[in-house]
Amino acid sequence: MKKIIFTAITVIFVSLASAQQDSFDLVHFTPLKGWKKETFKDVVALSITDNNKNTWCKIGLYKSIPSKGSIEKDFESEWQQLVVKTYKVTEAPQVTELPETDGWKIKGAGAAFTSNNATNLAMLTTFSGHGKALSVLVLSNSKDYLPAIQQMMDSIVLDTTGTNSVANDTNISSPVTQTKQKTNFGFTRTNFDDGWVGECKEDWAEVSLKDIKVLVHYPNQKADAYNSVLKEEDYAAWNILVAPRYSNMKNFEWKSIQSWESISFMQADATENESGKTVHIVLFKKHYSKGNGRYLEFVTNNKAAYENEFGPYHNTQFDWDKVANMQWRNKFAVAANDLIGTWSANDYASLTYYYVSTGNSAGTTATATADEFTFLAGNNYKSQHSGASGMVGSMKFSSQDYRGKSAVTDWTITLDNRFHGATEKYNCYFEAIIGGRILLMTDRLGTTYSLAKK
């Protein structure tokens, strides 16, 4: 994506593919730390004041309106309404027209105005495209705030798919919306608080930090096929997931550990076909007892770079958490429009008993559950939860149905009218898979629903 630079007067940067933690209408942005944020019907306002220096700055993110048909008409209208009429600006604006990006034409301008016998600066950015127009207005009496303005503007992401409500901040990670994606989900990038950046790719979720890449491979029927001989299973995965994308392979080592939750570990040096670079590769998987382990491909400049970040190899099944936990960075925020439709999950477990004296069967107990959430237009939802448990042949059945309203932010789903009419808030995120997503919802008791869309 392109970084957009205004004139030296405005000194504003806008990136249409950067980090964000909040949303308002079509704008996704990262709020500034220490700044006051107020949300109104038509604008989100960010402001800060330094009483010691007698300086201040205000940033307004305005709700989109129907376009007047061109960037020239939209900019002129916004300039007159938001700047001239409100702040009595008489100075002619210094206008800069920027290259079209993702269907958005952009104009920016700055002009001085007087208020309370002091000279201030008004800076307006107008975006026009997709039948919409929207603006960001910056007001300040000091250039001291230009770095902060740059930081916030650099985080702006524009959504072409529709209108999103304001989302709560999260200290888990910050999602990024992209307007071009094959699966049409609202969020395809995530900025984690510790500097790692995740991106949804066709065959894996790619997480990167500086010169380190980690490919969280999506479930693959052939690569994940069980083999009682761990070495054979690992070699098959390497040949399917890794080998086709590299050449000049050397220094290959298979160092997996057979245990209750086995550790797959293979490494080699090779030439990356796409870039032509010589890299060090580690293919890792922790075989969780629940069967939800994923192959992780670590790509670094050399072996030392891998070990500096994740530690050296050790021949034990324990203390692999930093490596294994990279799996959970296949994690993307949820937009309300992504949820429309029915999501369901089923679970089953059974236990068969035998008489010690005869070896004959003493019966089987089983538990089965089915959960289904349907999200409808207008923020409505309905859900059905069914279960059966007990001795096979005399099982007891249960069923619960709920209907009500839903409220969705990037990382939470709140449903009203749940058990006894109470409101339930779920932590949520998407795990990317080939061609779609898995929705994970965790309630206040720690129960997690892993839901696939019908």
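No lab work stands behind these numbers, since they all come straight from the coordinates. Just so we're clear, the structure is a prediction, and the values are computed from it rather than from any experiment. Neighbour counts are summed over all protein chains in view; Cβ atoms, including those assigned to glycine, are modelled from backbone coordinates with ideal geometry.
Using the eigenvalues of the Cα gyration tensor, what equivalent ellipsoid semi-axes result for region 301-390 when each is taken as the square root of five times the eigenvalue, whole Å, largest first? Don't skip to the answer; put the middle values down first.
On the way: eigenvalues 304, 231, 8 Å².
Equivalent ellipsoid semi-axes, largest first: 39, 34, 6 Å.
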Can you check how the C-alpha radius of gyration of region 59-119 compares to 2.2 N^0.38 Å, as a plain ratio? 1.24
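Treat region 180-260 as a sphere of radius equal to its Kirkwood radius over Cα pairs and apply Stokes-Einstein at 10 °C in a medium of 1.306 mPa s; give the translational diffusion coefficient in µm²/s, rounded to a whole number. Can you show the working numbers first?
Details: Rh = 15.2 Å.
Taking Rh from Cα pairs, D becomes 104 µm²/s.
What is the extension gain from ALA225 to ASP401, computed as 0.36 nm multiplied by their sequence separation minus the C-alpha to C-alpha distance, in nm to one decimal?
Numbers: separation 176, 0.36 × 176 = 63.36 nm, distance 3.73 nm.
Residue separation times 0.36 nm, minus the Cα-Cα distance, leaves 59.6 nm.
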Near LYS107, within a Cβ-to-Cβ distance under 12 Å, what is the net charge of the other residues, with Lys and Arg +1 and Asp and Glu -1? -4
Sorted by packing (mean other beta-carbon atoms within 10 Å per residue), highest first, where do 108-115, 91-98, 337-344 land? 108-115, 337-344, 91-98
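Dipole of the chain, Cα-centred, from +1 at each Lys and Arg C-beta and -1 at each Asp and Glu C-beta, to the nearest 20 debye? Each step should come with its number before you reach the end.
Details: 47 positive and 48 negative charges, 133 e Å.
So the dipole magnitude of the chain works out to roughly 640 debye.
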Reduced Cα scattering model of region 398-454, Debye log10 I(q)/I(0), q = 0.23, 0.24 Å⁻¹: -1.02, -1.07
Cut-off under 5 Å, modelled amide H: who pairs with PHE187 long-range: ALA335
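Going highest first, how would you order 296-307, 30-41 by mean Cβ packing within 10 Å? Display every interim value, and only then the final one.
Working: 296-307: 18.4, 30-41: 12.7.
Per-residue Cβ counts within 10 Å, averaged per peptide and sorted highest first, yield 296-307, 30-41.
In deg cm²/dmol, rounded to 500, what helix-only [θ] at 222 nm does the chain give when every DSSP H run of at least 4 residues adds -39500 (n - 2.57) and the total is split over its residues? Write down the numbers at each step before the final one.
Numbers: 6 runs with 41 residues, N = 454.
Calculated mean residue ellipticity at 222 nm is -2000 deg cm²/dmol.
Rounded, prolate or oblate: which fits region 302-454, taking a ≥ b ≥ c as square roots of the Cα gyration tensor eigenvalues, rounded meaning a/c under 1.5, else prolate when a/b beats b/c? If you can, show how the numbers build up before the last one.
Values: a/c = 2.68, a/b = 1.07, b/c = 2.51.
Judged from the Cα gyration tensor, region 302-454 comes out oblate (a/c at least 1.5, b/c at or above a/b).
Run the dipole for region 266-339 about the Cα centre, Lys and Arg Cβ at +1, Asp and Glu Cβ at -1, nothing else charged, and hand back the magnitude in debye, nearest 20.
280
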In whole Å, largest first, what are the principal axis extents of the Cα atoms in the chain? 99, 61, 45
